Amino acid sequence: MIRIDDIQIKEDYYNLLIRLLIDKTGLNLNYYQRNFVEKRIKSRMIRVGCKTIETYYNYFLENSTETAKFLDCFNINYSVFFRNWEVFKNFEKILLYSLYISQNDIKSDLIPNPERQYRNNLSKNNKTRNIKSVIKSNINESLPHSSLYKKLWKYSEKKVNINIWSCPCANGEEPYSIAMILDNLKNQIPGFPFFRIIASDIDKDAIRKAKRGIYNEDSTKNVSKYYEKKYFTKIKKNFGSLYSLDDKIKNYVEFIEEDITNGHKLSLKYDIIFCRYLLIYINRRTREEFLDIIRNRLNFGGLLILGKTETLHNSQSELKLIDSYNRIYIKTR
Ligand SMILES: C[S@@+](CC[C@H](N)C(=O)[O-])C[C@H]1O[C@@H](n2cnc3c(N)ncnc32)[C@H](O)[C@@H]1O
């Protein structure tokens, strides 16, 4: 049996493998953290029974299906609608704040069904720790307390557009979640600003899937009943259900295939950038270059929203954390 700790990844073969992948797929794994890539190579080697990196490299050359299998084990396209849904709840709150509108005047419900069931069970069992208060404290934490919110762009006569960038967007779940929130607000708020949602990713298959707009049960597990009813059509299949997203929501999002480390194709500036679950994979140098691109594209008073496990370091000092729980930053200068 091959043990992961016994496998040595020699530098020259590591580089050959990376070169091969660039040629075959355009994906440059040199941007990614070395440990992250090595672990995946080792797990594929164990799976196909290669003891050395030389034999795995040859196996890779000889087996046409190995590229796809290798990339599959990265699983980096993973995404779901309303991923970390509290982030979207606060995003909605911030938008309303920028429009001088009270949350109480708006109909919306972002709490996913499983959360609701959990909450019901808790109250049925008369437990003291009520999920509702946990949810509430996570959502309310930021807005009233941070004086930095004063720096937030405000919708006024001068500001009639909101530009939003979802980068990377994977299979579209993130930009479509944003579009649903905006459409729901737009229908209730007269004179709602014009908004444009750009979504980009390096992976053309992911973009193709995004444009199709059909998702499985796992991708939609965080969608609340309110949003499911409003924007999805459920299609029953033998193996479960599929969810087809309304064309109206699909039409809000412009998808672009691009490698962000080479810059952004459009010349737009953004008020809000969602950049979630990419920084964790990439190495330090690429990460800094990438963050420079993001920072330069963000308007003053604009928001940067990272993944919940991601953080900025001191190098990005004009970006200030306004919501530590949801990793929301504001550009202050
Ligand atoms: C885990 S997904 C994140 C999707 C979404 N932001 C979310 O939080 O659910 C990471 C995505 O990063 C994309 N990606 C990786 N390297 C990239 C690059 N250099 N430029 C653009 N996208 C990239 C992958 O194709 C993948 O779809």
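The values are calculated or read from the model by the stated rules, or taken from the named source; none is laboratory data. Predicted, not measured: the structure shown is a model, and the values here were computed from it. Heads up, the Cβs are rebuilt from the backbone with ideal geometry, glycines too, and the neighbour counts pull from every protein chain shown.
Against the conditions (1) surrounded by 15 or more Cβ atoms within 10 Å (Cβ to Cβ); (2) in contact with a Leu (Cβ under 9 Å, 6 or more places away or on another chain), residue 254 satisfies every one except (1). Pairs linking a residue in the range 201-218 that is under 17 Å from residue 27 (Cβ atoms) to a residue that is within 15 Å of the ligand (Cβ to nearest atom) and assigned to a strand (DSSP E or B), with Cβ atoms under 6 Å and 6 or more positions apart or on different chains, are 204/257; 207/201; 207/255; 207/257. Looking across the range 61-84, the residues that are within 18 Å of residue 39 (Cβ to Cβ), surrounded by 13 or more Cβ atoms within 10 Å (Cβ to Cβ) and near the ligand (Cβ under 9 Å from one of its atoms) come down to 74, 76, 77, 78. The single residue among 198, 189 that is more than 13 Å from the ligand (Cβ to nearest atom), farther than 13 Å from residue 82 by Cβ and assigned by TED's automatic domain parsing to the domain that holds residue 153 turns out to be 189. Residues in the range 1-32 that are of a type in the set (S, T, N, Q) and either in the same structural domain as residue 204 (by TED's automatic domain parsing) or within 16 Å of the ligand (Cβ to nearest atom) (or both): 25, 28, 30.
Looking across the range 269-289, the residues that are near the ligand (Cβ under 7 Å from one of its atoms) and part of a loop (DSSP other than H, G, I, E, B) come down to 276, 277, 278, 281.
Close Cβ contacts (under 6 Å, 6 or more residues apart or on different chains) running from residues in the range 256-268 that are assigned by TED's automatic domain parsing to the domain that holds residue 164 and near the ligand (Cβ under 10 Å from one of its atoms) to residues that are among the aliphatic types (A, V, I, L, M) and in a loop (DSSP other than H, G, I, E, B) comprise 259/202.
Do we have residue 227 as of a type in the set (Ser, Thr, Tyr), surrounded by 21 or more Cβ atoms within 10 Å (Cβ to Cβ), closer than 13 Å to residue 176 by Cα and within 16 Å of the ligand (Cβ to nearest atom) here? No, not satisfied.
In the range 230-247, the condition of being without any contact (Cβ under 8 Å) to a residue 12 or more places away in the chain, among the basic types (Lys, Arg), in contact with a Ser or Thr (Cβ under 6 Å, 6 or more places away or on another chain) and not in a helix (DSSP H, G or I) is met by at least one residue.
Here is a yes/no grid of residues against (1) at pLDDT 95 or above; (2) among the hydroxyl-bearing types (Ser, Thr, Tyr); (3) part of a loop (DSSP other than H, G, I, E, B):
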position: 145; (1), (2), (3): no, no, yes
position: 149; (1), (2), (3): no, yes, no
position: 153; (1), (2), (3): no, no, yes
position: 156; (1), (2), (3): no, yes, yes
position: 177; (1), (2), (3): yes, yes, no
position: 181; (1), (2), (3): yes, no, no
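If you go through the range 64-98 and keep only what is part of a loop (DSSP other than H, G, I, E, B) and touching a helix residue (DSSP H, G or I) at 6+ places or on another chain (Cβ under 8 Å), you end up with 73, 74, 77, 79, 80, 81, 82, 83.
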